[in-house]
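Asks: This is the structure I want to talk about, given as structure tokens.
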Amino acid sequence: MTSDVVIIGAGAAGLMCALTAAGRGRRVLVLDHANKAGKKILMSGGGRCNFTNMYTEPADFLSHNPHFCKSALARYTQWDFIELVCKHDVPYHEKKLGQLFCDRKASDILQLLLVECSENGAEIRLDTAIEQIERTDAGYRLATSAGAVACQSLVIATGGLSIPTLGATGFGYQVARQFGHSVLPTRAGLVPFTVTDPQLKALCSELSGTAVDCLVSCNDKSFRENLLFTHRGLSGPAMLQISSYWHSGDSLAINLLPDRDALEWLAGQQAERPNIELKTLLGEVFTKKMAGLLCELWCASKPLKQYTPGELQAIAGQLSDWRLVPAGTEGYRTAEVTLGGVDTREVSSKTMESQKSPGLYFIGEVLDVTGHLGGFNFQWAWASGHAAGEVV
């Protein structure tokens, strides 16, 4: 079988590339080893797919080559994808911080992509394993479980290593290396932290399911979002965001009172309400259980009038600058993205074409481009897929 374009990977980036290239009249074949297209789309956003973010900017993406994403994001913006969503009458809403979610189900986004692919003539073959890829004078030849396929342009849209239960593998990195590309070290991103310190582990277990607004900082980066305690450690949007900047052994600085000057507040409360116990006061800000456990962890709870200025300052320091060192992360098993990947310095930022092997393209998460939480990674998938689809 011969096709103009073969795309390996029927995820967000691959389907966007397929519908764009097919819309230009190219014969497009999408191959995927999974039994269903868009599995990550279906589970994203708690099943409602946070399909983009209204405030997408290049600064929201991590890469060893930070300027790489600018061209694709500028040429296919969040507003372009929103227009596609509206074209298919998919109802959506802004949850917070510019994050756009489907009103109904994530399958609405997958369905619109599949409809666009079908209407433009792109063919999708599932349950198809890629056994071998070789370069030819006319392009590329693939040996697959469904037979041989030849093409002029080959697009790798296989994603990263996150959530292997959905079929994630390192296949895209293998292809990159085969054709001379460098693959930067990979690790889990947007992932919960684990803890092993006995006191901290006990605290997290006792507070499992409790969420609290905080400001978390690490390596000169900060995020203001919810922290969620779990039986295994720390999760929630704040922790997921900062995990992409954290490295083993780094400490996290957590401000549990991001809207207050902790010392000024405690001193004011001591003057106004000298007989109130610390755990009672903290119970007005956090849950009563959390307030009690924090007091057990940091200091004995007693009426505010009994604390010295030094003791009050120490308590304020814990509340506004709680330092802890996670044991690690939950890894690729629960990570939303993979950091690192195909070195973008060897790929065209305008077309996503390999600078090592003409006619070979890399799009989406397989590249060393990772967005923040909240729809940014989907926007990169749409933008990079569209960039390749415009030229393949």
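Asks: Would you call SER348 of a type in the set (S, T, N, Q) and either more than 24 Å from the chain's Cα centre (by Cα) or open to solvent by less than 20 Å² (accessible area, probe 1.4 Å) (or both)? If you could, list the steps in order and put the result at the bottom.
Replies: On the way: of a type in the set (S, T, N, Q): yes; either more than 24 Å from the chain's Cα centre (by Cα) or open to solvent by less than 20 Å² (accessible area, probe 1.4 Å) (or both): no.
It is false that SER348 is of a type in the set (S, T, N, Q) and either more than 24 Å from the chain's Cα centre (by Cα) or open to solvent by less than 20 Å² (accessible area, probe 1.4 Å) (or both).
Asks: Also, quick follow-up: How many residues, within region 91-133, are among the acidic types (Asp, Glu), open to solvent by 80 Å² or more (accessible area, probe 1.4 Å) and more than 25 Å from the chain's Cα centre (by Cα)?
Replies: Our first condition is that a residue be among the acidic types (Asp, Glu); within region 91-133, this holds for 94, 103, 108, 116, 119, 123, 127, 131.
Adding the requirement that they be open to solvent by 80 Å² or more (accessible area, probe 1.4 Å) leaves 94, 119, 127, 131.
Filter once more, so that each one left must be more than 25 Å from the chain's Cα centre (by Cα): 119, 127, 131.
Counting residues in region 91-133 that are among the acidic types (Asp, Glu), open to solvent by 80 Å² or more (accessible area, probe 1.4 Å) and more than 25 Å from the chain's Cα centre (by Cα) gives 3.
Asks: Right, another one. Here are the criteria: (1) assigned to a helix (DSSP H, G or I); (2) within 25 Å of LEU207 (Cα to Cα). Tell me which single one GLY310 does not satisfy.
Replies: (2)
Asks: Okay, moving on. Among the residues of region 370-382, is there at least one that is at pLDDT 95 or above, touching a Phe, Trp or Tyr at 6+ places or on another chain (Cβ under 8 Å), open to solvent by 10 Å² or more (accessible area, probe 1.4 Å) and β-branched (Val, Ile, Thr)?
Replies: no
Asks: Give me the residue from region 360-369 that is among the aliphatic types (A, V, I, L, M) and touching a Gly at 6+ places or on another chain (Cβ under 7 Å) and, out of that set, surrounded by the most Cβ atoms within 10 Å (Cβ to Cβ). Give the steps one after another, and end with the answer.
Replies: Looking only at region 360-369, we keep the residues that are among the aliphatic types (A, V, I, L, M), and these are 360, 363, 366-367, 369.
So of that shortlist, the ones also touching a Gly at 6+ places or on another chain (Cβ under 7 Å) come out as 363, 366-367.
Details: ILE363: 35, VAL366: 27, LEU367: 27.
It comes out as ILE363.
Asks: Which ones in region 176-210 are open to solvent by 60 Å² or more (accessible area, probe 1.4 Å) and either closer than 26 Å to GLY159 by Cβ or in a strand (DSSP E or B) (or both)?
Replies: ARG177, GLN178, PRO185, ARG187
Here is a yes/no grid of residues against (1) open to solvent by less than 40 Å² (accessible area, probe 1.4 Å); (2) under 26 Å from ALA335 (Cα atoms); (3) of a type in the set (A, V, I, L, M, F, W, C); (4) outside any loop (DSSP other than H, G, I, E, B):
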residue: ALA143; (1), (2), (3), (4): yes, no, yes, yes
residue: VAL149; (1), (2), (3), (4): yes, no, yes, yes
residue: GLN152; (1), (2), (3), (4): no, no, no, yes
residue: TYR173; (1), (2), (3), (4): yes, yes, no, yes
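Asks: So which pairs qualify, if the first residue must be in region 108-132 and over 20 Å from ARG26 (Cα atoms), the second must be among the hydroxyl-bearing types (Ser, Thr, Tyr) and open to solvent by 50 Å² or more (accessible area, probe 1.4 Å), the Cβ gap must be under 6 Å, and the two must be at least 6 apart or on different chains?
Replies: Going by the 6 Å Cβ cut-off, the qualifying pairs are THR128/SER145; ALA129/SER145.
Asks: Hey, can you tell me all the residues within region 228-283 that are among the aromatic types (Phe, Trp, Tyr) and within 20 Å of LEU200 (Cβ to Cβ)?
Replies: Initially, region 228-283 is screened for residues among the aromatic types (Phe, Trp, Tyr), giving 229, 245-246, 265.
Matches in region 228-283: PHE229, TRP246.
Asks: Also, I was wondering about something else. I'd like to verify a number: residues in region 58-111 that are farther than 25 Å from GLY47 by Cβ and charged (D, E, K, R), how many?
Replies: So the answer is 2.
Asks: Next question, about the same structure. Any residue at all in region 288-301 that is surrounded by 15 or more Cβ atoms within 10 Å (Cβ to Cβ) and part of a strand (DSSP E or B)?
Replies: no
Asks: Within region 272-287, track down each residue that is within 34 Å of the chain's Cα centre (by Cα) and open to solvent by 30 Å² or more (accessible area, probe 1.4 Å). Full working, then the answer.
Replies: Initial filter on region 272-287 (within 34 Å of the chain's Cα centre (by Cα)): 282-287.
Selection gives GLU284, VAL285, THR287.
The values are calculated or read from the model by the stated rules, or taken from the named source; none is laboratory data. Just so we're clear, the structure is a prediction, and the values are computed from it rather than from any experiment. Cβ sites come from the backbone with ideal geometry, for glycine too, and all protein chains shown count toward neighbours. Areas reflect the complete protein model, heavy atoms only, side chains present, ligands, DNA and RNA absent. Shrake-Rupley method; radii C 1.70, N 1.55, O 1.52, S 1.80 Å.
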